[in-house]
1. Being of a type in the set (Asp, Glu) and assigned to a helix (DSSP H, G or I) is the filter; apply it to the range 61-73 and report the residue that is modelled with the lowest pLDDT.
2. Sort out which residues of the range 74-113 are outside any helix (DSSP H, G or I) and either among the β-branched types (Val, Ile, Thr) or exposed (fewer than 13 other Cβ atoms within 10 Å of the Cβ) (or both), and write them in order of number.
3. Would you tally the residues in the range 31-60 being of a type in the set (Ser, Thr, Tyr) and outside any helix (DSSP H, G or I)?
Amino acid sequence: MNVVNFESGNGSRAATSVVAPQSRFSGIDSGLSARRLDAAAKDFEAVFIAQMLGPLFASVETPAIAGGGESEGFFKSLLQESYAKAFAERGGFGLAAHVKGALLDIQARAAAAPPAENRP
């Protein structure tokens with residue numbers, strides 16, 4: 001808790017306590033929060049990579065001997081997703097680090113923002 005001293009125009013002083021606003025992440029172990037941010041950033045990058053791989057997979061025709069059909073489309077999307085997750089886990093495009101930085105920025109702003117009832 002912080003104590004702030006105020007001085008009015010007539011020379012009188014008053015002290016009041018100011019409670020820092022609580023982020024919705026307060027109470028969560030910071031290590032856990034960091035792990036969750038890492039996981040969210042990597043998951044975001046994996047989804048992005050999967051979307052980038054989509055046109056690549058669509059441009060490859062399946063040989064007649066390999067089958068085809070509806071199930072191939074389903075398993076092709078699973079393979080695409082697995083490739084994207086593996087690529088993101090190994091560093092990917094480096095997008096996860098930028099996403100994590102943005103998430104940390106948002107979290108810091110939310111923690112520093114005044115409570116909603118005090119906003120104009």
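The values are calculated or read from the model by the stated rules, or taken from the named source; none is laboratory data. Fair warning: this is a prediction, and the values are worked out from it, not measured in the lab. Here the Cβ is made from the backbone with ideal geometry for all residues, glycine too, and neighbour counts use every protein chain on show.
1. In the first step, residues of the range 61-73 are kept if they are of a type in the set (Asp, Glu); the result is 61, 70, 72.
Narrowing the set further to residues that are assigned to a helix (DSSP H, G or I) leaves 70, 72.
Details: Glu70: 73, Glu72: 78.
So the residue we want is Glu70.
2. We begin by selecting, within the range 74-113, every residue outside any helix (DSSP H, G or I); these are 90-94, 113.
Of everything in the range 74-113, those that are outside any helix (DSSP H, G or I) and either among the β-branched types (Val, Ile, Thr) or exposed (fewer than 13 other Cβ atoms within 10 Å of the Cβ) (or both) turn out to be Arg90, Gly91, Gly94, Ala113.
3. From the range 31-60, those of a type in the set (Ser, Thr, Tyr) are 33, 59; that's our starting set.
Imposing the further condition that a residue be outside any helix (DSSP H, G or I) reduces the set to 59.
Count: 1.
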